[in-house]
1. Being in a helix (DSSP H, G or I), modelled with pLDDT of 95 or more and surrounded by 23 or more Cβ atoms within 10 Å (Cβ to Cβ): is that true of A459 here?
2. Could you tell me whether any residue of the range 274-291 is out of contact with any helix residue (DSSP H, G or I) (no Cβ under 9 Å at 6 or more places or on another chain), open to solvent by less than 60 Å² (accessible area, probe 1.4 Å) and free of Cβ contacts under 8 Å to residues at least 40 places away in the same chain?
3. Scan the range 194-222 residue by residue and report those that are crowded, with 17+ Cβ neighbours inside 10 Å and either of a type in the set (D, E, K, R) or in contact with a His (Cβ under 6 Å, 6 or more places away or on another chain) (or both).
4. State whether one or more residues within the range 241-255 are within 27 Å of L335 (Cα to Cα) and open to solvent by 50 Å² or more (accessible area, probe 1.4 Å).
5. For S316, all conditions in the list (1) among the hydroxyl-bearing types (S, T, Y); (2) open to solvent by less than 20 Å² (accessible area, probe 1.4 Å); (3) over 25 Å from the mean Cα position of the chain (by Cα) hold save one; what is the number of the exception?
6. Does any residue of the range 105-116 turn out to be among the β-branched types (V, I, T) and in contact with a Cys (Cβ under 9 Å, 6 or more places away or on another chain)?
7. Testing R527 on (1) touching a residue at least 40 places away in the same chain (Cβ under 8 Å); (2) over 27 Å from I10 (Cβ atoms); (3) among the charged types (D, E, K, R), one condition comes back false. Which one is that?
Amino acid sequence: MDPTKKRVAIVGAGPSGLAACKHLLAKGFLPVVFESAAGVGGVWRRTLASTRLQTPASAYRFSDFPWPADNAASASPADDGLFPRHDQVVEYLAAYARRFGVMERVRFGCKVLAASYVGGATEQEVAAWERWSGNGEAFGDGTGEWHLTVRHGGGADGEPASTQTHRFDFLILCIGRYGAPKLPTFPDGRGPEVFRGRVLHSMEYSAMAHEDAADLIRGKRVAVVGAGKSAMDIVAQCAEANGSRYPCTMVYRSAHWMVDPKVARRVNFFTFTSARWTELMVHKPGEGFLLGLLATILTPVRWAMSKVTEAYYKRSIPMREHGMVPDCGFDQASLGWRLGILPEGFYSMVDEGSIELRRCASVAGFCADGLVLDNNDDTSGGERAAIVGADVVILSTGFDIDRPLRNMFTSPWFRDIISSDGDAVLPLYRHILHPRIPQVAVVGYAESGSSIYPYEMMAKWVAHLLAGAVRLPAAGVREMERGAAEWTRWGAQARRRCGGHFLKSCVASVTTWYHDQLCRDMGYSPRRKDGLLAEWLEPYGPTDYAGIQ
């Protein structure tokens, strides 16, 4: 097979798309990357001015491309480059793309509107296939292809838009998890239409130019609904802009585990959770009887260690004083990766009156002057309802992570088999291939503690698959479905153990276990350390996988 003759498309030029392109180039392919924005970086190009990394830079990197040596010097003295700013992340990704020739393959200002599978087989025939893509090969028998409807131009530069159809032999979707907002519903007469101010989702606010975002909130009463990382960042930004004269109100139902960056520097939680010995304490998909028994036996040890960490955080961070103790334990949050880094000085801004915290059972709806809160769980000392006055309401209510994937396909059948049922996990083999959708890979859908190098491992696996070095299960589609179902069952069990506090399609607590599977598929040893003690005691990180090409 001549890889230069195979037409491969990559949708998205975020971290996963860049990694996919880089490793396909290394295998001799000449992929085309479609990116709707004017530059690389994905979600990092559409974020708040104050946004920083949530994991240390040493963990958030590609295996063969370190952060620049002057990163610490260019960061604020408060963190010495441990959590780089969003603009530093964008520049790091752009430097990676330039270094490995990825920039030349990206078509900027090109938005993929739809993907259609044409030729090869009908949907009924595809549904009946016993092997993926008909014969178990990445490109099938060569008769099927993907037609992409792509809109070119039409951006802020005033260039007129045009739509074209492009044909490819293989499609890699690197569109992430944060492209479709999840919006709450309200009763008739209580929706945003009755509100005199402006209502927008955090995704829309984050995508605004920084100057426009600042103008929107300056001198305004702002209410932010939610208590996740994006909500807290927005609240802190509003507080810094307006001070106590126009305090920002954070409306939330339950708090999350958010760690002060000063505390995070003293306790490197990521290093602690990324060693093999810590994964022995958690159940893993397909682990077998002995490992499952060991995980059960060691569960109390993990619980005790988490309680010590939890107590330390509660003592170091004034969450009790402000009613911000999470409903779930730290052990549950860490298993489900419901963790984040607090904005600098968050509780100081609460103390000075720049931030007001309003806990409630739910947001009942809108009124002309703001939000109506439902306090029927008695969170406000018996007051059943209350109104939060606002000029701007920002809904930080999460994302519909399946919708961008589902809407990519024109086929109703392909759309239907993309999971959209609440917390159900998209059934992807190795978190990459859907057993029933031919000649398509998804990179960057599964959540992890540090997304770049797990996404890079997925990209390497896809490159090996297209080059013929990864062989899919001989038993075909049914074996792939069993493998995907194994992770689905594990995710459901993890969610029960976490009391519902578990991210959909999350591999954060078993990242090394997951990478072991990918290594074996690609023909590499999963043991990447020198010596038995190092293998089990030292944390795993990006550089351990640099030798996999």
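1. So A459 fits the description; yes.
2. Yes, the range 274-291 contains a residue that is out of contact with any helix residue (DSSP H, G or I) (no Cβ under 9 Å at 6 or more places or on another chain), open to solvent by less than 60 Å² (accessible area, probe 1.4 Å) and free of Cβ contacts under 8 Å to residues at least 40 places away in the same chain.
3. Of everything in the range 194-222, those that are crowded, with 17+ Cβ neighbours inside 10 Å and either of a type in the set (D, E, K, R) or in contact with a His (Cβ under 6 Å, 6 or more places away or on another chain) (or both) turn out to be K220, R221.
4. yes
5. (2)
6. Yes, the range 105-116 contains a residue that is among the β-branched types (V, I, T) and in contact with a Cys (Cβ under 9 Å, 6 or more places away or on another chain).
7. It is condition (1) that R527 fails.
So that you can scan it fast, the table gives a plain yes or no per residue for (1) under 13 Å from R338 (Cβ atoms); (2) open to solvent by 50 Å² or more (accessible area, probe 1.4 Å):
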position: A484; (1), (2): no, no
position: A492; (1), (2): no, no
position: C498; (1), (2): yes, no
position: K504; (1), (2): yes, no
position: V507; (1), (2): no, no
position: W513; (1), (2): no, no
position: Q517; (1), (2): no, no
position: Y524; (1), (2): no, yes
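The values are calculated or read from the model by the stated rules, or taken from the named source; none is laboratory data. Keep in mind the model is a prediction, meaning the values are calculated, not measured. Glycine gets a Cβ as well: all are built from the backbone with ideal geometry, and neighbour counts include every protein chain shown. Quick note on the areas: whole protein, heavy atoms, side chains included, nothing else; ligands and nucleic acids left out. Shrake-Rupley method; radii C 1.70, N 1.55, O 1.52, S 1.80 Å.
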